[in-house]
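Bear in mind that the values in this text are calculations on the coordinates, not laboratory data. It should be emphasised that the depicted structure is a prediction, and the values quoted were computed from it without experimental measurement. Cβ atoms come from the backbone with ideal geometry, glycine included; neighbour counts cover every protein chain shown.
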Amino acid sequence: MPPVLSKDAPRLPIREKRTRYQAHTDNLMMVVFDFDDGPNEQPDLPHQHPHEQVSYVVEGRLLFFLDGVPHELSAGDMMTIPPNVPHGVQLLTPHVRIVDAFNPVREDFLTRD
C-alpha cells in the first residue's frame, strides 16, 4: 500500500472548522482529526460505537469525557476507549489535533473515502 502523505491527503469535513484524513488496512484504521473551533464552553454530545479506539493528542489541550468522566489531556497524552462506551471531547485551546486508531475499521468513515 502506498503511504498517505499529509500534504496530499484529502481533508474530509466533519463540520465547520473540523476535518479528518485517514488510512486503513483490512483490520485497522488510523484517523487524523483537526479541530479549529476551540475553545468550547460545552463538550460535544457523547457518542459511542462498537470499535476499540486509542486516541493520541498531537497538539492542543482538551477534556476527554469517557462514560461521563472528564480527563484533561494535552500533547503526548493517550486515551483508550473500549467498545460501546459513551465518549466525547471539549476543546480547551483554539486548535487540537488528535490521532485515533480503530479496530475494526470504521466502515461508516469509508463511505466518504
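Among the residues of segment 14-46, write down those that are among the aliphatic types (A, V, I, L, M) and in a loop (DSSP other than H, G, I, E, B). Across segment 14-46, the qualifying residues are Leu28, Leu45. Counting the residues of segment 20-35 that are within 14 Å of the chain's Cα centre (by Cα) and either closer than 15 Å to Gln53 by Cα or hydroxyl-bearing (Ser, Thr, Tyr) (or both) gives 8. Looking only at residues of segment 47-61 that are without any contact (Cβ under 8 Å) to a residue 40 or more places away in the chain and part of a loop (DSSP other than H, G, I, E, B), we find that the one that is surrounded by the fewest Cβ atoms within 10 Å (Cβ to Cβ) is Pro50.
Would a scan of segment 31-42 turn up a residue that is surrounded by fewer than 17 Cβ atoms within 10 Å (Cβ to Cβ), aliphatic (A, V, I, L, M) and in contact with a strand residue (DSSP E or B) (Cβ under 7 Å, 6 or more places away or on another chain)? The answer is no; no qualifying residue exists. Here Leu110 fulfils each of the conditions (1) more than 15 Å from Arg20 (Cα to Cα); (2) exposed (fewer than 13 other Cβ atoms within 10 Å of the Cβ); (3) of a type outside the set (Val, Ile, Thr) apart from (1). Within segment 62-85, not a single residue is in contact (Cβ under 8 Å) with a residue 60 or more places away in the chain, surrounded by 13 or more Cβ atoms within 10 Å (Cβ to Cβ) and of a type in the set (S, T, N, Q). Residues that are over 21 Å from Asn103 (Cβ atoms), in contact (Cβ under 8 Å) with a residue 12 or more places away in the chain and outside any loop (DSSP other than H, G, I, E, B) within segment 1-13 are absent altogether.
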